[in-house]
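The values are calculated or read from the model by the stated rules, or taken from the named source; none is laboratory data. Note that this is a predicted model, so its numbers are computed, not measured. With ideal geometry, Cβ positions are generated from the backbone for all residues, glycine too; neighbour counts draw on all protein chains shown. We work out accessible area using only protein heavy atoms, side chains counted, and drop any ligands, DNA or RNA first. Shrake-Rupley method; radii C 1.70, N 1.55, O 1.52, S 1.80 Å.
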Amino acid sequence: MTVKLIEAAQQGDLSAYEELIYTYRGTVERFAYQCGADYDDVPDISQEVFIRLYRFLHQFQRDRFTTWLYKVTLNTTRDHYRKETQETRKEKRLHEKGVLPGQTSEDTFLQSEADRELHLQIQKLDEKYRVPLVLYYFQECSYSEIATILSLTLGTVKIRIHRAKDLLRTAFEEQEAKLSGHTSL
Amino acid sequence: MDTHHFEERMNKLKKGYEEMEERTDPKAVISALTNKEPERSKRPKKNWIVPLISVAAIFTLFLFAMSLVNPPTNSASEEEKEEVSESGLDFVYISQEIDRQYAEIREEARVKMGLDDEEFSQIQAVVYADQGRNHFMSVDFIDYHDTYGDTEESIIETAVDELSWILTTPEEFLAQQYENSFHTKRSLEESGYVLSSYMRKLLDFEEVGSDVVASDVQIPESQLPTLSQILHPKFEGLIKFYALGKLTEAGEMIYPYELTARSLIEIEESISDEAITIEGESHRVANLLYLTLKGTMSENQKDHQAILFENGVLKKEVQDQWKHLAEQPENTVVHAVFAPIVKEMLDTGWTSSTTWENISYEDAQIYIREMDSAKYKVAQSKGDAVLVDAQFEQRIHNYFKELALVPGLDKYKALSPEEIVGLYHYYGQLGELELRYELYIEDERYLQIPKDEYLASGSIEYLPLQKYVKAYTFINQGLDLNGNETGLVEVELTERGASTHDTPVMLFQLIKTEDGWKMPFMPTQ
């Protein structure tokens, strides 16, 4: 069905494109949020993604639509925060989310504290680890799809996901140690 | 946090994300599109060949360099560069920023290597990087990324990352790999990537015009410990072989003779794995075999005698090495080559062997091709069916009685694959989930289920063994990607068993470990 919608949209059928947006807006919004967008900025970013996608609709092959979707979403999210430095964004995010996890309106869909905490830890990861991890676990992309989306080699994708997992595990172990009052040697 | 727990949490979070309300208003998007008239570029659209930058790293440098030998014919004029793309990309800013950042990383690399500019510019990798800078600053490259909606910063980052990688020295590359490995050896596939990338870097960091070719690349011995720590153990023989180095001009060894025998054994161990091949490098291994046999690359019998014999008798050092090679497992090529030679030598008091005299360099090449291709022979072999009769059931019961309270996961080491599956069923029949858990493999490279979770999953009661299973048959399947021997046990079910599972035959997977045959956590096929 997506292929037919894309074909129609490429021919200028805006109602087909509107339907495409309905189909994929959830994916775009979730991916943008998982990549680090603030919850309140997600609708604006998503709208910009679909505007940009339409501009390039006629240029790509139909079977590579989702690759484009992720690429454009990632770049649009980066663009949205380009003027802020990474540090000030992290500070802002941690200030808003880290002190009182789960008490901001954006996190109400993450029901458990464990989920909110894991989301926070993922956001603390460097982007080069966070994005492959997000694509793999939450967008169910294969290694080769991730390599195409991020213009990385397959080996680099695997290494970065492996590293991301290790960093998250370490973060959790440290947290558990703090909570149980153990000190590390 | 173990792997299973981690995966569970990620899965739970994924479900949490799916509860996120969708807030994008499609009508607002359409309205924005219809109110905005997109600007059409006056420059004609071009068909770009997708740059090869994003393909596997081992080919990146070679193919990338080749593409630069014939630079694109539509390189930008200054006038074109002044244009802004239809999405607003500033070509001039991008190319200048790439140029500026490249100059910085280039200088940094030069200082790290302690070379002056002239010496530094003579390194092949630096030549590639300099050419790469030109490519990345071209309109073609920038325009290509523009069509993907990439931002200026991401285009610059892509270019600079690639150029940095080209200038990363072999030592730095290994250090990064070591840091990223967290003391865990890479899988076979990743090891292949790391080793081939490293070898490529060794080649690229030769001087321009050097006569070193890919097949001559030598791993510095000082890097062997680091490589051993990073790579899968199966690569051990291969990396030591690559550290052996070139022959002298006279075609003689420049390393101790004993190393050749050891290297031959180790390299056969390495390339016996499906994932590792020496195709393209087989002449180096053939040289090694020939040298071990003749002591020199010369084909002159008198030279062989002069090097390997003393007073008409094969030197003791050589005798010991050949005996060691002949004692290797019968299915190895080194055994096949040296066993008959050693026998003839022993019969003549280590003075002669017709087989040895007749072996030529061409024979050595054939032996090495055989060594590399042996792994491609299907390793599957089916054993005889083991009937589940009263005797077999008693044997399984005795294992249960003897081993139930014995500690240690190696207690089942002596059991055959058929007995392991029999015990698995027997434990199920008895409801002994804790004992059955001991039969599973404990190895992070395979799916793991924590014990408490497994025990909480409840018992599965099997019928008494003889009423359930007719026979077990083991099928050897050769090595898996982790280098472990694997097999299947074909379980032929009784009529009652078959009606329970709706099939007359089930297959159970098994993996051979140091502690004997173990089951993966989802063993049935």
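Descriptive notes on the structure:
- Amide H to amide H distances under 5 Å link B:Ala471 with B:Val388, B:Glu492, where only residues 5 or more positions off or on other chains count and H is placed in the peptide plane.
- Placing A:Arg55, A:Arg130 in order of accessible area, with the largest value first and a 1.4 Å probe, yields A:Arg55, A:Arg130.
- Listed residues A:Lys165, A:Lys128, B:Lys27, B:Lys518 arranged by accessible area, highest first, probe 1.4 Å: B:Lys27, A:Lys128, A:Lys165, B:Lys518
- Between B and A, buried accessible area from a 1.4 angstrom probe totals roughly 5500 Å², ignoring ligands, DNA and RNA.
- Amide H contacts of B:Ala243 (H built 1.01 Å from N, in plane; Pro and chain starts excluded): B:Ile219 sit under 5 Å, all sequence-distant by 5 or more or on other chains.
- Note on A:Ser151: accessible area is roughly 50 Å² with a 1.4 Å probe, heavy atoms of protein only.
- Of B:Lys323/B:Lys413; A:Lys124/B:Lys112; B:Lys240/B:Lys315; A:Lys71/B:Lys185; B:Lys294/B:Lys343; A:Lys4/A:Lys128, pairs whose Cα-Cα distance is over 27 Å: B:Lys323/B:Lys413; A:Lys124/B:Lys112; A:Lys71/B:Lys185; A:Lys4/A:Lys128
- Other-chain or far-sequence residues with amide H under 5 Å of B:Gly478's (modelled H): B:Thr486
- Comparing the full protein assembly with the isolated chain (1.4 Å probe, heavy atoms, ligands and nucleic acids excluded), the residues of segment A:120-154 losing at least 30 square angstrom of accessible area are A:Tyr137, A:Phe138, A:Ser151, A:Thr153.
- Charged-residue dipole, Cβ positions (Lys, Arg, Asp, Glu), segment A:120-178 about Cα centre, Debye nearest 20: 120
- Rounded if a/c under 1.5, otherwise prolate or oblate - segment B:280-336, Cα gyration tensor axes: oblate
- Only Cα sites of segment A:7-76 enter the Debye sum here, all with the same form factor; the resulting log10 I(q)/I(0) across q = 0.14, 0.16, 0.26 1/Å is -0.39, -0.50, -1.22, listed in q order.
- Per-residue ³J(HN,Hα) for segment B:288-305, Karplus 6.51 cos²θ - 1.76 cosθ + 1.60, θ = phi - 60°, Hz, x for Gly and Pro: 4, 5, 5, 5, 5, 6, 10, x, 7, 7, 5, 9, 7, 4, 5, 5, 4, 4
- For segment A:21-36, 3J(HN,Hα) per residue [Karplus equation, 6.51 cos²θ - 1.76 cosθ + 1.60, θ = phi - 60°, Hz, x = Gly/Pro]: 5, 4, 5, 10, 5, x, 4, 5, 5, 5, 5, 4, 5, 5, 7, x
- Solvent-accessible surface of segment B:327-370, taken per residue with a 1.4 Å probe and all protein chains present: 54 Å².
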